[in-house]
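Notes to accompany the following structure.
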Amino acid sequence: MSEQRYDVLVDARGLACPMPLVKTRQALMIMEPGATVCVLATDPAAPADFDEYVEISGHLLERSDREQDVFVIVLRKKG
């Protein structure tokens, strides 16, 4: 993974849908507006789940790609 820094890291590797999104939503609830969360997930449904979630929530999807067998998803909290 790259050397970029994030405010929160959610390691959801090995968790099945919907747990990566559930854990991320829990983190976002206590984060300050503008903070970033990096999610590591192995569930193949995670990218689509997060694409849909940002449309509904208004948070910004800054990154969504795959590094080897891990999806790396970065959100910035709205506000």
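The values are calculated or read from the model by the stated rules, or taken from the named source; none is laboratory data. Quick caveat, the model's predicted, so the values are computed rather than measured. We place every Cβ from the backbone using ideal geometry, glycine too, and count neighbours over all the protein chains shown. To get the accessible areas, we keep the full protein, side chains included, count just its heavy atoms, and leave off ligands, DNA and RNA. Shrake-Rupley method; radii C 1.70, N 1.55, O 1.52, S 1.80 Å.
Descriptive notes on the structure:
- Test: residue in the range 27-44 that is assigned to a loop (DSSP other than H, G, I, E, B), open to solvent by 80 Å² or more (accessible area, probe 1.4 Å) and at pLDDT below 95: no
- Within the range 45-65, restricting attention to residues that are within 17 Å of CYS17 (Cα to Cα) and free of Cβ contacts under 8 Å to residues at least 12 places away in the same chain, the residue that is most open to solvent (accessible area, probe 1.4 Å) is GLU52.
- Check on LEU9, free of Cβ contacts under 8 Å to residues at least 60 places away in the same chain and either within 10 Å of the chain's Cα centre (by Cα) or surrounded by fewer than 12 Cβ atoms within 10 Å (Cβ to Cβ) (or both): yes
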